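Quick notes on the structure that follows.
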Amino acid sequence: MRSDLLMSSKKTPRTISMTSSVIYFAISLVFNSAGNVLTLISSAKIHPSFLGAAYWTAAENNLGIALHWSLFWAFFGLGLLTAVLNAILVGHWSWSRVFGNIIFLGPFSLLIQFFDNIFVGLLPEAHGIVADIIYVLMNFLGVAMIAMAISIYQRVNLALHPADDLMQILRFKYCHGNAATAMWFSYIPPTVMAIIAFCITRDLGGSFGVGTLFAFFFQGGITGLSDKYVFPNLKHQAIDVGKSDN
């Protein structure tokens, strides 16, 4: 990635129209929501479940259970805390950035429900090793779709989930543009969440599994590859990671 993205203390310019930005963003939301539902449904269809959810989802869900929070408040509250962390890392508070984090959740949640309604009834329960293998591959495909979506909407940079905003800040301010390294560093907050949840409940729950490990090790790398091969002409827009000493 270009060094000017790493050294700049101001936003980089936008090189695509707002219409194109919205179209790319809409495509990424469909990929992300469908991918998330694939991971959830494929995990639920195997008994006993061993696939688990994506890393942030698993950690937030477990901490929400430990604190007796509803799923909404677990994701929303922990997301806001992540937005505060992002502001600390960037070095300044931006209401537009936080507002973008919040409004991301609206259409994303609606699409999650839409695909969930489709896939729950469409996909049968797994019976036998062949069905298990198919669902494992489906789970991995879901993770790959999430990674591709992150690549697209991070490059568009209209609105981001706080976790993906964190990954982007780490990527361009501290990790020299390396997506995989930034993704691993961005997993520190959910790891802390998972440890706190385990200390309270003494139970990892059903949220962690093979799919979680696949996401941990490969989601960042797939995001980096997607930058090159999925809409390769789409470049990162309006990057703002604060001042960098690198």
**Asked** Right, Ser244: modelled with pLDDT under 95, in a loop (DSSP other than H, G, I, E, B) and crowded, with 19+ Cβ neighbours inside 10 Å or not?
**Response** no
**Request:** Of the conditions (1) at positive phi; (2) among the aliphatic types (A, V, I, L, M); (3) not in a loop (DSSP other than H, G, I, E, B), Ala238 clears all except one; give me its number.
**Result:** (3)
**Message:** For segment 141-181, give me each residue that is closer than 22 Å to Lys11 by Cβ, among the hydroxyl-bearing types (Ser, Thr, Tyr) and open to solvent by 10 Å² or more (accessible area, probe 1.4 Å).
**Reply:** Tyr174
**Prompt:** Quick check: is even one residue across segment 173-181 hydroxyl-bearing (Ser, Thr, Tyr), assigned to a helix (DSSP H, G or I) and over 15 Å from the mean Cα position of the chain (by Cα)?
**Reply:** no
**Message:** So if I check each of Phe208, Phe198, Phe231, Phe185, which one is farther than 16 Å from Ala53 by Cα, part of a loop (DSSP other than H, G, I, E, B) and open to solvent by 50 Å² or more (accessible area, probe 1.4 Å)?
**Reply:** Phe231
**Request:** Go through segment 5-56 and count every residue that is surrounded by 23 or more Cβ atoms within 10 Å (Cβ to Cβ), within 30 Å of Gly91 (Cα to Cα) and at pLDDT below 90.
**Result:** 3
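Tell me the residue from Ser33, Ser94, Ser70, Ser49 that is in contact with a Ser or Thr (Cβ under 8 Å, 6 or more places away or on another chain) and of a type outside the set (Val, Ile, Thr), please.
Ser49
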**Request:** Considering each residue of segment 17-67, count those that are among the small types (Gly, Ala, Ser), farther than 24 Å from His236 by Cβ and without any contact (Cβ under 8 Å) to a residue 60 or more places away in the chain, and give that number.
**Result:** 2
**Message:** When you check Ser207 against the structure, is it at pLDDT 95 or above and on the phi < 0 side of the Ramachandran plot, yes or no?
**Reply:** no
**Fill in**
Residue count, segment 93-114, condition open to solvent by 30 Å² or more (accessible area, probe 1.4 Å) and either in contact (Cβ under 8 Å) with a residue 60 or more places away in the chain or farther than 16 Å from Ala54 by Cβ (or both), comes to 15
**Complete:** Out of (1) of a type in the set (A, V, I, L, M); (2) within 14 Å of the chain's Cα centre (by Cα); (3) surrounded by fewer than 23 Cβ atoms within 10 Å (Cβ to Cβ); (4) in a helix (DSSP H, G or I), the one Leu213 does not meet is (2)
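The values are calculated or read from the model by the stated rules, or taken from the named source; none is laboratory data. On a predicted model such as this, the values are computed, not experimentally measured, just so you know. Glycine also receives a Cβ, built like all others from the backbone with ideal geometry; neighbour counts cover every protein chain displayed. Just so you know, the surface numbers come from the protein's heavy atoms only, side chains and all, with ligands and any DNA or RNA stripped out. Shrake-Rupley method; radii C 1.70, N 1.55, O 1.52, S 1.80 Å.
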